[in-house]
Amino acid sequence: MELYEKSAFELSEMLKAKECSAAEITESVLGRIGKTEASVEAYVTVCEESAREQAKKVDEMIAEGKELHPLAGIPIGIKDNISTKGILTTCSSKMLYNYVPPFNATVMNKVNSAEMVVTGKLNMDEFAMGSSTETSYFKKTKNPHDLTRIPGGSSGGSAAAVASGEAIVALGSDTGGSIRQPSAYCGVVGLKPTYGSVSRFGLVAFASSLDQIGPIGRTVKDVAMVQSLICGHDKMDATSKDIAYPDYAANLKNDVKGLKIGIPDEYFGEGIDAEVKDAVMETVKLLEKNGAEVRKISLPSTAYALNSYYILSSAEASSNLARFDGVRYGYRTENYDSLIDMYEKTRSEGFGDEVKRRIMLGTFVLSSGFYDAYYKKAKLMQKKISAEFSEAFADVDVIATPTVPSGAFKIGENMGDPLKMYATDICTVTINIAGLPAISVPCGKTANGMPIGMQLIGGHFREQTLLDAANAYESIVGGFGNIPKIV
Ligand code: GLN
């Protein structure tokens with residue numbers, strides 16, 4: 001087994017036991033990138049040189065007998081909407097094609113202080129708007145399980161890099177499913193943390209009230225390790241919650257005895273492929289056999305979730321993206337004859353179609369004649385959806401649903417039909433609307449061999465419960481399988 005195939009936890013143990021060096025781990029991952037990146041296209045920027053330097057530094061610290069963080073020397077890829085000081089941060093947009101942040105996101109300060117090895121910046125849908133990573137200005141990332149299919153989105157680069165061994169773990173961001181959905185399509189584990197538990201300082205905003213950074217890994221334990229590192233209160237983010245956060249990885253259990261699992265009918269209805277429903281229900285049955293208690297619940301407002309999500313997220317996006325005007329950051333049009341002309345041309349040329357669609361939709365739903373009819377109603381729906389979840393969590397510990405309605409679709413299949421593309425988010429958007437944590441774990445394959453994901457949803461700040469349940473499932477099935485053969 002090559003080093004890039006191992007989990008962060010295994011590599012961390014090997015480093016401790018001096019069975020390998022940080023340099024060897026980094027070379028193994030960089031070698032894998034060299035071999036498969038031409039096919040997978042997960043990265044916008046690979047940071048070869050700085051990764052090697054960082055690995056060398058870790059090896060020196062080990063030689064000096066310094067106490068190291070368990071994630072020291074572990075290669076991590078970063079979604080390209082997380083600000084990295086001195087490293088290009090494009091949001092996969094022409095608008096930021098040359099933007100190098102002068103500061104680090106809070107999560108990057110944590111990653112750096114743990115002495116992790118940053119392998120590079122990962123491709124995504126432009127400004128995190130999309131479900132397939134096809135709206136990236138730069139390239140189309142491929143699903144490592146079938147290179148003719150999408151990896152999901154918007155954190156498609158993050159999920160594909162982890163699934164292919166081009167990174168051991170990765171950071172993504174999730175506004176309506178962008179960590180969980182690509183994780184499901186690529187057969188890896190992705191956690192969307194509770195809103196407020198991971199600092200958003202330095203995350204380029206899409207919809208600030210829904211955005212959350214979170215980890216992607218090949219094992220639940222790896223995801224727990226990264227989440228333990230990145231969570232915590234941050235005075236630089238006004239929505240960051242000041243509570244005591246547990247060390248999820250150290251506390252990780254693998255027992256589902258007595259765990260109450262709720263099954264909401266609304267997530268198993270029309271529009272969800274039969275093979276996906278079956279795979280999730282089989283998994284739930286397996287957990288029941290191992291001691292979990294399963295009960296039916298109802299979340300009737302799910303029917304309004306997609307409409308509410310696209311209204312709320314587009315409204316916030318239209319405001320957040322106003323800052324890209326050719327003055328402050330990145331791209332500026334070449335020929336213009338007035339300030340207004342410069343703004344207009346810069347934004348027309350710098351943004352792609354999907355981003356423009358969201359800005360127009362958001363501006364429309366916030367306009368004086370339509371605010372009450374759309375934005376206000378969506379805000380009311382948000383309250384109702386949240387209240388239904390709170391009610392459900394009075395009876396159950398976790399809720400199990402499919403992560404996405406089907407396996408990964410073909411590249412190009414949904415690009416001409418935005419509503420079809422939006423419909424793939426049906427199972428994930430409610431969680432952001434309610435600010436809850438949720439994890440996606442692999443739970444089988446479709447008839448054509450594509451991974452299926454199960455989503456476990458928890459109450460606010462109940463990440464430990466989710467990770468424990470997911471970890472129990474992983475040990476029952478004996479792991480989530482090997483890295484697919486790519487070339
Ligand atoms: N697919 C959803 C959208 O396009 C979610 C994106 C996300 O979570 N960043 O809005």
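Numbers for the structure displayed
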quantity	calculated
SER240 being within 16 Å of the ligand (Cβ to nearest atom) and touching a residue at least 40 places away in the same chain (Cβ under 8 Å)	no
Residue in segment 376-394 that is acidic (Asp, Glu) and touching a residue at least 60 places away in the same chain (Cβ under 8 Å) present	yes
Given (1) more than 23 Å from the chain's Cα centre (by Cα); (2) in a helix (DSSP H, G or I), number of the condition GLY258 does not satisfy	(2)
Residue within segment 271-279 that is buried (at least 20 other Cβ atoms within 10 Å of the Cβ), assigned to a loop (DSSP other than H, G, I, E, B) and modelled with pLDDT of 95 or more present	no
Filter result for the condition that a residue is assigned to a loop (DSSP other than H, G, I, E, B) and loosely packed, with under 14 Cβ neighbours inside 10 Å, over SER368, SER390	SER368
Residue in segment 383-395 that is more than 16 Å from the ligand (Cβ to nearest atom) and either basic (Lys, Arg) or at pLDDT below 95 (or both) present	yes
Members of segment 355-371 that are among the polar types (S, T, N, Q) and touching a helix residue (DSSP H, G or I) at 6+ places or on another chain (Cβ under 8 Å)	THR363
Residue under evaluation LEU147, criteria (1) closer than 30 Å to LYS420 by Cβ; (2) surrounded by 24 or more Cβ atoms within 10 Å (Cβ to Cβ); (3) away from the ligand (no atom under 16 Å from the Cβ), criterion not met	(2)
Test set (1) touching a residue at least 40 places away in the same chain (Cβ under 8 Å); (2) away from the ligand (no atom under 16 Å from the Cβ); (3) farther than 17 Å from GLU316 by Cα - SER228 fails condition number	(1)
Residues of segment 435-457 classified as surrounded by fewer than 24 Cβ atoms within 10 Å (Cβ to Cβ) and more than 14 Å from the ligand (Cβ to nearest atom), total	7
TYR267 being within 16 Å of the ligand (Cβ to nearest atom), more than 23 Å from GLY77 (Cα to Cα) and touching a residue at least 12 places away in the same chain (Cβ under 8 Å)	no
Unique residue being at pLDDT below 95 and either hydroxyl-bearing (Ser, Thr, Tyr) or on the phi > 0 side of the Ramachandran plot (or both) when the list is TYR329, TYR310, TYR343	TYR329
Criterion (basic (Lys, Arg) and under 18 Å from LEU361 (Cβ atoms)) met by exactly one of LYS420, LYS445	LYS420
Residue in segment 95-105 that is among the hydroxyl-bearing types (Ser, Thr, Tyr) and either part of a loop (DSSP other than H, G, I, E, B) or more than 15 Å from the chain's Cα centre (by Cα) (or both) present	yes
Cross-chain or 6+ apart pairs with Cβ under 6 Å, segment 117-143 first and farther than 25 Å from PRO75 by Cβ, then more than 13 Å from the ligand (Cβ to nearest atom) and of a type in the set (Lys, Arg)	GLU134/LYS140; TYR137/LYS94
When residues of segment 245-270 are limited to those that are of a type in the set (Asp, Glu) and within 30 Å of LEU306 (Cα to Cα), the one surrounded by the most Cβ atoms within 10 Å (Cβ to Cβ)	GLU266
Within segment 91-104, tally of residues that are within 26 Å of GLU53 (Cα to Cα) and more than 16 Å from the ligand (Cβ to nearest atom)	8
Test: residue in segment 459-467 that is more than 16 Å from THR302 (Cβ to Cβ), small (Gly, Ala, Ser) and either at pLDDT 95 or above or within 16 Å of the ligand (Cβ to nearest atom) (or both)	yes
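The values are calculated or read from the model by the stated rules, or taken from the named source; none is laboratory data. From a predicted model like this one, the values you see are computed outputs, not experimental measurements. All Cβ positions, glycine included, derive from the backbone under ideal geometry; neighbour counts span all protein chains shown.
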